[in-house]
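The values are calculated or read from the model by the stated rules, or taken from the named source; none is laboratory data. Everything numeric in this text was worked out from a predicted model, so none of it was measured. Neighbour counts are summed over all protein chains in view; Cβ atoms, including those assigned to glycine, are modelled from backbone coordinates with ideal geometry.
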Amino acid sequence: MKNPNEIRVVFMGTPGFAVAPLKTLFEKGYNVCAVVTAPDKPVGRGLKMSMSDVKEFALANGIKIFQPLSLKDESFLDDLKALNAHIFVVVAFRMLPKAVWSIPEFGTFNLHASLLPQYRGAAPINHAIMNGEKKSGVTTFLIDEKIDTGEVLLQRECQIGESETAGELHDKLMMMGAYLVCETVDLIINGQANAINQSSLEIGNKPLKEAPKLDKNTGKIDWNSDSVKIFNLIRGLSPYPASYSTLIKDNTVIPVKIYSATREDGSSELAAGEILTDEKTYLKVSCNSGLISITSIQAAGKKRLNIREFLAGFRDISLYKFE
């Protein structure tokens, strides 16, 4: 069994999801000799430069930082090679060219927030919930020329709660993934890893579901859909980027984001998008099958509110409808 502090690791990642695996590797004594993360970027109205979560952790713990504009830059590649790292670990980063992932002695592996080969792509957590999946998990796999198709090293699965949101599943998988990354490094450096082709993990003729990047249209609620589909969309995009709709009355149009809701089965005499409310404690919206009871909402330019707070400040809500 090799001593962790003898193993030189380069970690590549950017958002908060990547910090937990990095922190766990660091605390377990691995020699994280550098991190590679996204360049700082201007954010907000003041365009103040903002650094990635991974960079913040690296700065706080004295870890060398690389922020290349291009992963094919020759000087960057030379710097990577000079580190003499044994292994590269990738979590929530961009696609690597072969010139990068082929450098280390023990290879390069990635942590993905799904049970591959299902949900390859940029938004596996969101799409799993939007599709009403009952389970999810994390996978480590060896990087190759394509996206999320490399040989699988380890997997761990978990159940998805009936009302669980993308944010809640994100946090659960983040911690599961942190320990899976360390377990994967241990197996690789001790020659105990058993890489499995993803095609052997496909069960029968079960179709593969993709997890493409979310766009503006992903979150738009179609009230002509059934309540199950709408409910899954709301929780699959909560808290970010959030599903959205529009409250309309005559010439008044109010864009809203919907962060949480419950659903009710049954039929309604109301048309899709019409509202059922006591104007104090509940706001239910009719859909193709059943009702959606909104519990957390945010009108454009306003704060996010629970439904009682929202109704307390909204006059004649029953005269509106959702479109």
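Tabulated data
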read-out	value
Filter result (at pLDDT below 90 and hydroxyl-bearing (S, T, Y)) within the range 181-208	S199, S200
Out of S293, S289, S268, sole residue that is in contact with a helix residue (DSSP H, G or I) (Cβ under 7 Å, 6 or more places away or on another chain), in contact (Cβ under 8 Å) with a residue 12 or more places away in the chain, surrounded by 15 or more Cβ atoms within 10 Å (Cβ to Cβ) and on the phi < 0 side of the Ramachandran plot	S289
Residue in the range 38-52 that is assigned by TED's automatic domain parsing to the domain that holds T108 and closer than 20 Å to T184 by Cα present	no
Whichever residue in the range 65-101 is in a loop (DSSP other than H, G, I, E, B) and aliphatic (A, V, I, L, M) and, among such residues, is nearest to I188 (Cα to Cα)	A85
Candidate set from the range 182-236 (those that are hydroxyl-bearing (S, T, Y) and more than 19 Å from the chain's Cα centre (by Cα)); member that is farthest from G290 (Cα to Cα)	T184
Whichever residue in the range 306-323 is under 26 Å from A271 (Cβ atoms) and of a type in the set (A, V, I, L, M) and, among such residues, is surrounded by the fewest Cβ atoms within 10 Å (Cβ to Cβ)	L319
Strands (runs of 3 or more DSSP E) (entirely within the range 1-64) containing at least 2 residues that are free of Cβ contacts under 8 Å to residues at least 24 places away in the same chain	41-43, 48-50
Subset of the range 87-133 [in contact with a Pro (Cβ under 8 Å, 6 or more places away or on another chain), buried (at least 20 other Cβ atoms within 10 Å of the Cβ) and among the aliphatic types (A, V, I, L, M)]	I87, V89, V91, A92, L111, A113, A123
Selected residue [modelled with pLDDT of 95 or more, under 18 Å from I317 (Cα atoms), touching a strand residue (DSSP E or B) at 6+ places or on another chain (Cβ under 6 Å) and among the hydrophobic types (A, V, I, L, M, F, W, C)] from A242, A261	A261
Unique match (being surrounded by 14 or more Cβ atoms within 10 Å (Cβ to Cβ) and in contact (Cβ under 8 Å) with a residue 60 or more places away in the chain) among L173, L142, L154	L173
T149 vs. criteria surrounded by 13 or more Cβ atoms within 10 Å (Cβ to Cβ) and either within 30 Å of N31 (Cβ to Cβ) or over 14 Å from the mean Cα position of the chain (by Cα) (or both)	yes
Condition check for L180: surrounded by fewer than 17 Cβ atoms within 10 Å (Cβ to Cβ), within 28 Å of V9 (Cβ to Cβ) and touching a residue at least 24 places away in the same chain (Cβ under 8 Å)	no
Output for the range 127-174, where each listed residue is touching a strand residue (DSSP E or B) at 6+ places or on another chain (Cβ under 6 Å), basic (K, R) and either closer than 18 Å to K209 by Cβ or not assigned by TED's automatic domain parsing to the domain that holds V89 (or both)	K135
Subset tally (residues that are without any contact (Cβ under 8 Å) to a residue 40 or more places away in the chain and of a type outside the set (S, T, N, Q)) for the range 272-286	7
Subset of the range 276-286 [surrounded by 18 or more Cβ atoms within 10 Å (Cβ to Cβ) and in contact with a helix residue (DSSP H, G or I) (Cβ under 6 Å, 6 or more places away or on another chain)]	T277, L283
Residue that is surrounded by the most Cβ atoms within 10 Å (Cβ to Cβ) [pool: residues in the range 220-250 that are in a helix (DSSP H, G or I) and of a type outside the set (D, E, K, R)]	I234
